[in-house]
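Inspection log for the structure reproduced underneath, given as structure tokens.
The values are calculated or read from the model by the stated rules, or taken from the named source; none is laboratory data. Just so you know, these numbers come straight off a predicted model, no measurement behind them. Cβ: placed from backbone, ideal geometry, glycine included. Neighbour counts: every protein chain shown.
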Number of protein chains: 4
Amino acid sequence: MAAPPRLRAAVAGATGYIGIQCVEMLARHPHVELVRLLARTHAGRRFSEVVPGSRVDLQLDPGLDVDGVDLVLAALPHTVAASHARGWMASGAVVVDMSADFRLRDARTWSQWYRLDHPDPELCASAVYALPELPGSSLTDASLLAIPGCYPTAALLACVPALSAGLVEPDLVVDAKSGVSGSGRSPTMGVHFAEVNESVHAYGVDGHRHKAEMLQELRLVAGGEVQLTFVPHLVPMTRGILATAYLRPRPGVTASDIEAAYAEFCDGHPCLRLDPQPPATKSVTATNVAALHAGWQDGRAVITCAIDNLVKGAGGQGLQALNLRFGYPETAGLQLEASWP
Amino acid sequence: MAAPPRLRAAVAGATGYIGIQCVEMLARHPHVELVRLLARTHAGRRFSEVVPGSRVDLQLDPGLDVDGVDLVLAALPHTVAASHARGWMASGAVVVDMSADFRLRDARTWSQWYRLDHPDPELCASAVYALPELPGSSLTDASLLAIPGCYPTAALLACVPALSAGLVEPDLVVDAKSGVSGSGRSPTMGVHFAEVNESVHAYGVDGHRHKAEMLQELRLVAGGEVQLTFVPHLVPMTRGILATAYLRPRPGVTASDIEAAYAEFCDGHPCLRLDPQPPATKSVTATNVAALHAGWQDGRAVITCAIDNLVKGAGGQGLQALNLRFGYPETAGLQLEASWP
Amino acid sequence: MAAPPRLRAAVAGATGYIGIQCVEMLARHPHVELVRLLARTHAGRRFSEVVPGSRVDLQLDPGLDVDGVDLVLAALPHTVAASHARGWMASGAVVVDMSADFRLRDARTWSQWYRLDHPDPELCASAVYALPELPGSSLTDASLLAIPGCYPTAALLACVPALSAGLVEPDLVVDAKSGVSGSGRSPTMGVHFAEVNESVHAYGVDGHRHKAEMLQELRLVAGGEVQLTFVPHLVPMTRGILATAYLRPRPGVTASDIEAAYAEFCDGHPCLRLDPQPPATKSVTATNVAALHAGWQDGRAVITCAIDNLVKGAGGQGLQALNLRFGYPETAGLQLEASWP
Amino acid sequence: MAAPPRLRAAVAGATGYIGIQCVEMLARHPHVELVRLLARTHAGRRFSEVVPGSRVDLQLDPGLDVDGVDLVLAALPHTVAASHARGWMASGAVVVDMSADFRLRDARTWSQWYRLDHPDPELCASAVYALPELPGSSLTDASLLAIPGCYPTAALLACVPALSAGLVEPDLVVDAKSGVSGSGRSPTMGVHFAEVNESVHAYGVDGHRHKAEMLQELRLVAGGEVQLTFVPHLVPMTRGILATAYLRPRPGVTASDIEAAYAEFCDGHPCLRLDPQPPATKSVTATNVAALHAGWQDGRAVITCAIDNLVKGAGGQGLQALNLRFGYPETAGLQLEASWP
């Protein structure tokens, strides 16, 4: 399908951290015109009044109905996008959803993990899981794109190259470290500066919700059952996720085999970078890059993957997905270079 | 042996982070009199002049010879304590060494990991690895106490309860996160605020030196061969280590078995705390406590252990060891409550 | 008055940051027995369950009535202590109030600044402003001690030595920088880690409430009218306040005169420390010390004062005040040495 | 003068923080071709190898001689640019110097502040102080542009609007707060994470070197003598400077007069932003914007100015200056929107 000269886009949930990221990037996107911002909080005010440092001057609209747009980017709480996606699509819009609502193909699995009834279970099967670097990913015909969570993006990119090449046992350990913005913008005790600073802790030890989509995609890639232990940690920084994956190589597999698999995987993907040493999250801050390192210690592969949780882990991946959906250059409107320090 | 009314103590390497920690704690210890501070850097100045916020007014002496002390706490670079320990002991002092010089019983193993000749290989076998909570640890007759590294303290306390009870396979993954003070006080690019802040990264992926002592002690505990994958990470905080251990339970072992083993292990140890949720490092800052949590995820045990790297991971453990060596209450001079936030 | 062997103390508002600080310090105070903790939030649970790292095992009681205690330390929102102080005093307790309720002698002034009716205006005049280092401060007969705010403590200690000696014009500029815990433990957007980290900003530019008590005390000290410009700033750290005071010396006053005045002022006060260079807040973290530096730049005195906002700026000053009230050593139960780094 | 189609540019001192910032911005500048990177450290390696997250693949050259370039951006230690500027200019290049070497018109004043002989005193008078928003600033004919320091940029933009309008007394107090990257990339104890984090302190109380250029420019603007008290503080953040200026209005001047002066001053300057509340430094991170707020407290004007010290305070201002010098749009290649959070 040929892309229209400039897509008219709406962002729903525009004043959360992921929404803000989407708005700022779309405002600079060469092929998109930002026409509507939806946000219950602050409705009636201008975006630049409520987001420090922004120059986007659109007014924030209450409600979630859109009309006359080609594209809705949704950064909303659980079930809200699921309740509106059908309507948005009926009005002719492609939907890029940043929530978990459409990431699981099976609505019953979704209900088990999220302990809610899914508002539109039939839509789930038609959504496309939009991690463009996954083998076989194709977004060109999708009307409903489910953008992966930040943790799954980092964990999958760390594990899939070895797993899809059949080099490692399907029994994976992923230890992830996230900055605080991954918890969203709502103030809670868990994001209070004084509670978080100068501290690190694990959470979700018995099973974080993001594990569901990781298992779904890992099993597809492995073509069979996969065991995964995934433990997230909160780190005193604003942005960034580092996933450290511990993979047991199959008999006979060497460190060089692993390295070669990651080099091959990264090749041709403009948003992947293979580093000669373990990447620091700061080296990808504000970029849509996932930086990978393939290491080895005494017979176990140790893979690290660093992303900016709000860019490659959310809004940036949304833009990358819409670029692919509409035939634009994959990195249009995206930044690939970090600003050090 | 009966303890003298007040031990006369010297600290060698008094102005590094571990040395400072030792000095401040010894100055408040009810059974110790601090009589000598050795520090090449700043020699001739008073301790309180070079350590902000200190009220310890002793002069810093150059050189490393001591006489007439009952106790030397050494916080020195590799090989320096090893070159002086024999002399200190000959003069009648008990030596509490915070470096890695005497942690490995076998000097040849030491040389392989540290790529240096050991200055006094014969002494290695007579040193006692001073992690008091290790099963069978006995410090009462020791003249040379090798205080474990900060990473090994956290990693061993996370793994040993399950391993020593025979509940898990001897194939361990430990992912550790450390604050920056673990790198010492010397300014390098790797500890520059602007390089470290707002970032997290792995290092030593192919094998950190502290792994040697971990393997030595884990094998003793397991009574056989042990595989360990240990990967340290640098986190933007000053103090604290969190070790997350991923342990594969033996067939038939349940989550309750694991929990019970950790509860039993912690029982009776005043410096261990078993938490109902994964501990934050801030909850042990400035204390000699190791906080543990025994979790479980889909058939794998997930153990977290939080310590203050400069206290339970260094100087505090040194005091705990000397308390046990001289028959004082185990926690004399040590703080057990954190100051929140 | 002779102190009872051990004071029975209650803390009201025990689970806010100031309350926690009071509880932890009182639990270690040699002359106090902590008998009641009052906290609406978490009522029914044990203190150690809701404050990470604590070993204080008392139950949290709802309500604010106390009986049979010698001492109430109150760390409550505006007007709550003012509504209960009369009752607490009637039951025989000395009240140490950490809120602003009794800091202003004139209830009408209080109402202007806090835009509320004062619940017990008559009590205001009988309260004692408890900054022990103020010239003429006497706490021995007080039944109601109003502990200064954190900003006023730092600002007054920076200005009073020069002002009370008549060395500077009564036209003061104080620029203050505070850590985030000064905003309290309630989660708001203003303390969200991601909003606060990697940023500094001014607030209250048109007049922070703490200015009222500063003016009250400065005028007393100066014996006349005083102009003060006070601007607070939020800094990405948990604890600490640094006040930088810009003072215009009277004609003929030299840098040495200023230095001498600060040296004389600090002399004999165990919680004051005069530093040869501008103090870092970290050098007083967790201590009850106010560190001062008296500098000079081209004819203007530049005074810096660093405190821990939760200790010398709140709970620690409360203990210092009760020590003086009951005739204990001024620093009983207080820490004076920082733990570097 | 007509600009060439694409300027050929060299960056000298390319691997320090200011140099890195210049390289990354020039690499994206629409009218510049980056052709040479000079850096003694790391000479022979590629820029992207030594700067994490960069995609600039040029090799780092030793030495400081350039030929065939239209433009040299110099980010070098004191005196190095001063020793080479004449040669660079002789070869036909316009020199944009980020150091202090050419900021003072009078080389003797320079020598007094920097305690060094100036390598090329005669050049000083011909350099142009390149703060484009200063009244009367004209860069179109300059061959040697001295980019202001980060502190002077923030302090001058805070003071000049009121001072140049004659609204305030020429007796100014500026309290500045800076992130750590302002100290440069060389590792020293003063930038060690563990020393800096969770702390704030003043320095240079008796007179920071940047004061010299502030006085020079303030006196030009005021048309007479100016008194300035300037005190910098180190804040635990990577980037950002906040200057808080305390200005005494002349008799009869009102808060509205002050506000109007700042509004008028900002009008038409694309890199200035006048905020309705005091700006947070995070709201300008990575942008070339100086955000201002004009406040008032009991008869004193309180002005805050927030910049990114490496962008508007260094490299970004360098690009802005070269844009004006060569007739490009003032903000070509510069980012004006921050990425929140």
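Things worth noting here:
- Checklist (1) farther than 20 Å from B:A314 by Cα; (2) among the aliphatic types (A, V, I, L, M); (3) modelled with pLDDT of 95 or more applied to B:A74, failing item: (1)
- Of the strands (runs of 3 or more DSSP E) lying entirely inside segment C:115-234, those carrying at least 3 residues that are closer than 23 Å to C:A286 by Cα and under 20 Å from the mean Cα position of the chain (by Cα) are C:171-178, C:227-234.
- Residue match in segment B:319-331 (condition: in the same structural domain as B:G166 (by TED's automatic domain parsing), touching a Cys at 6+ places or on another chain (Cβ under 7 Å) and at pLDDT 95 or above): no
- Sole residue being within 14 Å of D:L319 (Cβ to Cβ), away from every other protein chain (no Cβ under 14 Å) and buried (at least 18 other Cβ atoms within 10 Å of the Cβ), chosen from D:D101, D:D97: D:D97
- In the set A:A291, A:A301, only one residue is small (G, A, S), over 19 Å from B:V200 (Cβ atoms) and in contact with a helix residue (DSSP H, G or I) (Cβ under 9 Å, 6 or more places away or on another chain); that residue is A:A301.
- Filtered residues of segment B:166-190 (kept if buried (at least 24 other Cβ atoms within 10 Å of the Cβ), more than 10 Å from chain A (Cβ to nearest Cβ) and in contact with a Phe, Trp or Tyr (Cβ under 6 Å, 6 or more places away or on another chain)): B:V180, B:S181
- Long-range neighbours under 6 Å by Cβ, at least six apart or interchain, first residue under 18 Å from D:R248 (Cβ atoms) within segment D:298-314, second at pLDDT 95 or above and assigned to a loop (DSSP other than H, G, I, E, B): D:V302/C:V205; D:T304/D:P278
- For B:A146, the test of being without any contact (Cβ under 8 Å) to a residue 60 or more places away in the chain, more than 14 Å from chain A (Cβ to nearest Cβ), crowded, with 24+ Cβ neighbours inside 10 Å and not β-branched (V, I, T) is passed.
- Residue list for segment B:228-275, filter: of a type in the set (K, R) and touching a Cys at 6+ places or on another chain (Cβ under 9 Å): B:R273
- Filtering segment A:187-210 to residues that are touching a residue at least 24 places away in the same chain (Cβ under 8 Å) and at negative phi leaves A:G190, A:V196, A:N197, A:S199, A:V200, A:H201, A:A202, A:Y203, A:V205, A:H208, A:R209, A:H210.
- Given (1) at pLDDT below 95; (2) touching a Leu at 6+ places or on another chain (Cβ under 7 Å), number of the condition B:G136 does not satisfy: (2)
- Every residue from segment B:191-206 that is at the interface with chain A (Cβ under 9 Å from one of its Cβ atoms), aliphatic (A, V, I, L, M) and farther than 21 Å from A:Y246 by Cβ: B:A194, B:V196
- D:L215 meets all of the listed conditions (1) surrounded by fewer than 22 Cβ atoms within 10 Å (Cβ to Cβ); (2) under 21 Å from D:D308 (Cα atoms); (3) not charged (D, E, K, R) but one, namely (2).
- Every residue from segment A:128-143 that is touching a Lys or Arg at 6+ places or on another chain (Cβ under 8 Å), surrounded by fewer than 21 Cβ atoms within 10 Å (Cβ to Cβ) and closer than 30 Å to A:G179 by Cα: A:L139
- Here B:R6 passes the criteria (1) closer than 21 Å to B:Q320 by Cβ; (2) in contact with a helix residue (DSSP H, G or I) (Cβ under 9 Å, 6 or more places away or on another chain); (3) without any contact (Cβ under 8 Å) to a residue 40 or more places away in the chain except the one numbered (2).
- If the condition is being within 14 Å of chain B (Cβ to nearest Cβ) and either more than 16 Å from C:C22 (Cβ to Cβ) or of a type in the set (A, V, I, L, M, F, W, C) (or both), then segment C:43-74 contributes C:R45, C:R46, C:F47, C:E49, C:V50, C:V51, C:P52, C:V56, C:D57, C:L58.
- D:P236 being within 14 Å of chain A (Cβ to nearest Cβ), in contact with an Asp or Glu (Cβ under 7 Å, 6 or more places away or on another chain) and farther than 22 Å from D:G19 by Cβ: yes
- Qualifying residue in segment D:34-48 (condition: at pLDDT 95 or above, touching a His at 6+ places or on another chain (Cβ under 8 Å) and at negative phi): no
- Inclusion of C:R209 among residues that are facing another protein chain (nearest Cβ under 9 Å), surrounded by fewer than 24 Cβ atoms within 10 Å (Cβ to Cβ) and among the basic types (K, R) is not warranted.
- Pairs linking a residue in segment B:152-170 that is outside the structural domain of B:F230 (by TED's automatic domain parsing) to a residue that is surrounded by fewer than 24 Cβ atoms within 10 Å (Cβ to Cβ) and among the polar types (S, T, N, Q), with Cβ atoms under 8 Å and 6 or more positions apart or on different chains, do not occur.
- Meets criteria (on the phi < 0 side of the Ramachandran plot, part of a loop (DSSP other than H, G, I, E, B) and touching a Leu at 6+ places or on another chain (Cβ under 9 Å)) for C:P270: yes
- Candidates are the residues of segment D:277-315 that are surrounded by fewer than 24 Cβ atoms within 10 Å (Cβ to Cβ) and charged (D, E, K, R); the one that is farthest from the other protein chains (Cβ to nearest Cβ) is D:D298.
- Members of segment B:245-276 that are facing another protein chain (nearest Cβ under 10 Å) and exposed (fewer than 15 other Cβ atoms within 10 Å of the Cβ): B:P276
- Per-region count, segment A:316-341, residues under 14 Å from A:T153 (Cβ atoms) and within 13 Å of chain D (Cβ to nearest Cβ): 1
- Residues in segment B:50-64 that are at pLDDT below 95 and in contact with a His (Cβ under 8 Å, 6 or more places away or on another chain): B:V50, B:L64.
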